[in-house]
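Before any comments, here is the structure.
The values are calculated or read from the model by the stated rules, or taken from the named source; none is laboratory data. These numbers were taken from a predicted model, which means no experiment stands behind them. Here the Cβ positions follow ideal geometry from the backbone for every residue, glycine too, while neighbour counts run over all protein chains shown. Protein only, heavy atoms only, side chains kept; ligands, DNA and RNA dropped before computing areas. Shrake-Rupley method; radii C 1.70, N 1.55, O 1.52, S 1.80 Å.
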4 protein chains.
Amino acid sequence: MNYKSFKKRSYEILEKGASDDRWSRRIDLFIISLIFLNILAIILESVNSLKRDYQLIFDYIEIFSIYIFTIEYILRIWSITEKEEYSQPIQGRLKYLFSFSSIIDLIAIVPAYIPLLIGVDSRVVRGIRLLRLFRILKLSRYNRAFSHIRNVVKSKKEELVISLFAVLTLLVISSSLMYFVENKAQPESFSSIPATMWWGVATLTTVGYGDVYPITGLGKFMAGIMAILGVGLFALPAGILANGFGNTLENKDSCQTCKHCGKDIN
Amino acid sequence: MNYKSFKKRSYEILEKGASDDRWSRRIDLFIISLIFLNILAIILESVNSLKRDYQLIFDYIEIFSIYIFTIEYILRIWSITEKEEYSQPIQGRLKYLFSFSSIIDLIAIVPAYIPLLIGVDSRVVRGIRLLRLFRILKLSRYNRAFSHIRNVVKSKKEELVISLFAVLTLLVISSSLMYFVENKAQPESFSSIPATMWWGVATLTTVGYGDVYPITGLGKFMAGIMAILGVGLFALPAGILANGFGNTLENKDSCQTCKHCGKDIN
Amino acid sequence: MNYKSFKKRSYEILEKGASDDRWSRRIDLFIISLIFLNILAIILESVNSLKRDYQLIFDYIEIFSIYIFTIEYILRIWSITEKEEYSQPIQGRLKYLFSFSSIIDLIAIVPAYIPLLIGVDSRVVRGIRLLRLFRILKLSRYNRAFSHIRNVVKSKKEELVISLFAVLTLLVISSSLMYFVENKAQPESFSSIPATMWWGVATLTTVGYGDVYPITGLGKFMAGIMAILGVGLFALPAGILANGFGNTLENKDSCQTCKHCGKDIN
Amino acid sequence: MNYKSFKKRSYEILEKGASDDRWSRRIDLFIISLIFLNILAIILESVNSLKRDYQLIFDYIEIFSIYIFTIEYILRIWSITEKEEYSQPIQGRLKYLFSFSSIIDLIAIVPAYIPLLIGVDSRVVRGIRLLRLFRILKLSRYNRAFSHIRNVVKSKKEELVISLFAVLTLLVISSSLMYFVENKAQPESFSSIPATMWWGVATLTTVGYGDVYPITGLGKFMAGIMAILGVGLFALPAGILANGFGNTLENKDSCQTCKHCGKDIN
């Protein structure tokens, strides 16, 4: 296999992903499995007893992953010129370097190289190791099924953002009022508005940890109203998304062709 | 710039808000930023350590805001006669004074002037300062995007109110029954029906702080039924709003035609 | 006003409720207000300090209400023969006596007469007094707006019942498994399957009081799965009701008349 | 009744379930009642005091059920050849043996025979007894009404699985971040990422037991964001299912016509 055809094959395997390309699917499956293995390793490594006993395995997984992800990253940048959009050797590759997928790929490997280059203390190392978690975002490239939900959420983005804003407004107002009401009775839990917002968010989202709650009659009355309003506000995203899914699929499913004349209904 | 054209310009900048009017947009952005800065200051001022250290900054923000909001308020009332609806100098301005936006603008500044006019004790001052929070409502003038959600909620107002009424009925009945069942076992937490309603609202909204909960077998059985009913009842607003969003958009998106003449309904 | 026309008028005022009948509306409003006053009195009476200080007022409200509700009940039964459905003096009235509304009306007054007829101890009296709460159901006669939601819920009754059944099945299975897993670690909180169901219902409905929760690793893992499943299951009624509201209103709103030919679309 | 007709009758009664077949309905009702009795017995048997006092009754119910379910199982396998699909005496029966319903039927009886065949210790016996719970799945055969909901869920399977995956991704990321933030302040509750996931799942599902919660400012801030995101993510299944129910019924109810020929689409 010569240089040209090897580059073309790399591109086909890594980027194109034709469903009848056996090697492309195998490589995809291998990288996806490696990502999941990484996530699992990061989670389990945080358990002290496991870390102590199986440090070597975790290290091997990490080193192996870095090799693979680095090779993958280099091959992608090298072969991307096969794609028309990025066909210019330098400009195209630079453009690709700053695409979302490519940045994710870089974040997945860079943290591992930092401690090799500069001396860092152990807390920073722990923070850097945590960055490896973002490897989970590498999955977004492979998960074509995500796109439907993402499209629905995107099509309703404006309304969802406004819902969020309404929630935040309610949070600010209710926490401020509650701070004014409860502060005297419980000066520690409701010491300031930001502190009261911890109660507010637990109440509005109905999590209700139970570490802070009003004890005065007026405070309880207001908390009740806020809890009910909170449930109402959180019915908004459900309603918005229900409509979003309805719209997307209506175009696909309910309006196709007329059974009488066979023409497209839209 | 003469008196007449200055009044007209004030009106254009403050009220009309044409999207191609650069100064109108700049002033809007300035006032919106000032409102957010105010909310932030009110929240942070409640933190004792911040209040002690940065009292001066909070005071400057407050004084500056009062100046701006007062000037804004006066300019709005003065220039509103440019609008046809309020064109009569006295009647028009009086009518505008009692409009929703204008009252909000007044509430945003009046509290600041009260302590200057009459002597008030510190607790009242704190209450008055809290009124500044309502400045957040000044945003409603600028937030055009809110209108869609507000329209949906308004179109479903009746059903949402009835849902709320159903929730309250369930709250009263379940709290009364629970009071009867648990009162003997926990005379303090379930001391009266209003006291039991604190448990009731925490259960129906699924907040569940965990400060009060039944301990008798019958009480637990009833609490379980109520929690399940509560979830069902709170599915109502989600269903209602989902339908509300659906209806609004259906007018825009759907593809129905009349079966009599075959033309598009919309 | 003779006997005949008085009976007819009673029927018109109490049952028919034509919207242009001023006295009918006044009497309706009076009885609705009285029902709300009763509910308020029952709730407040449970507060010991209020009961001690205002016992006389509560008693007067109760006695007055009993008089009014008794007169209302007698007049309804007497005048119901004006309605064609119940026109036969004895058979018609008996049939009416066993209608839903009539039974509610009876339950609203009967408890008050029991202590007069037979000697009862104080605990039974308290139970009887609680029965007065069902007076709230008298409102169902007046609340025409409830009917829309009731119709939607009724049209989806079968699916809602199945959702409930699915929730109960999940509750039984998850509680049984959790009992098996946690029983040894917490023999008191998870002493039996029925006891574990208290944890189960608090978890599935996401109330989460926090009085019982698993402490073993396996128990926590299972609790997490159940909490997620529970959220999914409770999305069912929201989805079902959203669809229910959609169907009912579609008939009313979205399919009216064609603007081209003016004919009814349905 | 000869061999042939008895086999045919068994098949008709057990499998076919024609609604006008009185004996088929009686037998169905009997087996359904027996299943419910079994579930009840399993639940009540876990209560120590009931187990001690009524051990004999529980044993009788169990023995009786095993007899019935065994006879039912054998009759089903024997008579299934009446169904065209399984008409071949050996191949057909083998195929039926590995069908979902048949495996459930086997699981319902097999656990009871194990202790008779081999000696097992008491803990294993308890585990085996718990397997009897799966008898509840025998109901799936009879519950025709489940099918609508099952179809809706099945038609939205892909989107629901992706929602679940999104929840798990959020759970992993948020728990890892929270572990990093809170670990130092609460080394016991947030001892590792898996341990922190117990907090994460309680927060994302809004259960909020209150046994673990962040105490640092940054931790509380992040927990608030996660709780709000969690509510948003759990609005997804509600929206998806609402759309699912909408699609199924739209085929039945909606009133669309083709704009090309004007005829009704359905």
Out of C:L44, C:L14, sole residue that is surrounded by 18 or more Cβ atoms within 10 Å (Cβ to Cβ), assigned by TED's automatic domain parsing to the domain that holds C:L133, touching a helix residue (DSSP H, G or I) at 6+ places or on another chain (Cβ under 9 Å) and part of a helix (DSSP H, G or I):
C:L14
Could you list all residues from the stretch B:154-188 that are modelled with pLDDT under 85 and outside any helix (DSSP H, G or I)?
B:K156
Restrict the check to the stretch D:143-153 and report whether at least one residue is closer than 30 Å to A:L137 by Cα and either open to solvent by 20 Å² or more (accessible area, probe 1.4 Å) or assigned by TED's automatic domain parsing to the domain that holds D:D105 (or both).
yes
Within the stretch A:110-128, is there a residue that is in contact (Cβ under 8 Å) with a residue 24 or more places away in the chain, among the charged types (D, E, K, R) and either part of a helix (DSSP H, G or I) or not assigned by TED's automatic domain parsing to the domain that holds A:I74 (or both)?
no
If only one of B:R9, B:R52, B:R25 is of a type in the set (K, R), without any contact (Cβ under 8 Å) to a residue 40 or more places away in the chain and loosely packed, with under 13 Cβ neighbours inside 10 Å, which one is it?
B:R52
Which of the residues belonging to the stretch B:141-153 are part of a helix (DSSP H, G or I) and more than 10 Å from every other protein chain (Cβ to nearest Cβ)?
B:R141, B:N151
Going through the stretch B:111-140 one residue at a time, which ones are more than 24 Å from A:A166 (Cβ to Cβ) and surrounded by 14 or more Cβ atoms within 10 Å (Cβ to Cβ)?
B:P111, B:A112, B:I128, B:R129
Please enumerate the residues belonging to the stretch C:163-188 that are within 7 Å of chain D (Cβ to nearest Cβ) and under 14 Å from C:P214 (Cα atoms).
C:S176, C:Y179, C:F180
Any hit, the stretch B:137-147, residues being small (G, A, S) and more than 26 Å from B:L40 (Cα to Cα):
no
Hey, A:I32 touching a residue at least 40 places away in the same chain (Cβ under 8 Å), touching a Leu at 6+ places or on another chain (Cβ under 8 Å) and β-branched (V, I, T) or not:
yes
Being in a helix (DSSP H, G or I), without any contact (Cβ under 8 Å) to a residue 40 or more places away in the chain and surrounded by fewer than 18 Cβ atoms within 10 Å (Cβ to Cβ) is the filter here; which residues of the stretch D:78-88 pass it?
D:E84, D:E85
Which one of the conditions (1) part of a helix (DSSP H, G or I); (2) away from chain D (no Cβ under 14 Å); (3) among the charged types (D, E, K, R); (4) open to solvent by 80 Å² or more (accessible area, probe 1.4 Å) does A:D20 fail to meet, given that it meets all the rest?
(1)
Quick one: would you say D:S99 is over 20 Å from D:L34 (Cα atoms), free of Cβ contacts under 8 Å to residues at least 40 places away in the same chain and open to solvent by less than 40 Å² (accessible area, probe 1.4 Å)?
yes
Where D:S191 falls short, out of the listed (1) modelled with pLDDT of 90 or more; (2) in contact with a Gly (Cβ under 6 Å, 6 or more places away or on another chain); (3) at the interface with chain A (Cβ under 8 Å from one of its Cβ atoms)
(2)
Of residues in the stretch D:55-77 being closer than 17 Å to D:I42 by Cβ, among the aromatic types (F, W, Y) and touching a helix residue (DSSP H, G or I) at 6+ places or on another chain (Cβ under 9 Å), the one most open to solvent (accessible area, probe 1.4 Å)
D:F64
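Quick grid of which residues meet (1) surrounded by 24 or more Cβ atoms within 10 Å (Cβ to Cβ); (2) more than 7 Å from every other protein chain (Cβ to nearest Cβ); (3) part of a helix (DSSP H, G or I):
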{"site": "D:T196", "(1), (2), (3)": "yes, yes, yes"}
{"site": "D:T203", "(1), (2), (3)": "yes, no, yes"}
{"site": "D:G210", "(1), (2), (3)": "no, no, no"}
{"site": "D:P214", "(1), (2), (3)": "yes, yes, no"}
{"site": "D:I225", "(1), (2), (3)": "no, yes, yes"}
{"site": "D:L229", "(1), (2), (3)": "no, yes, yes"}
{"site": "D:L236", "(1), (2), (3)": "yes, no, yes"}
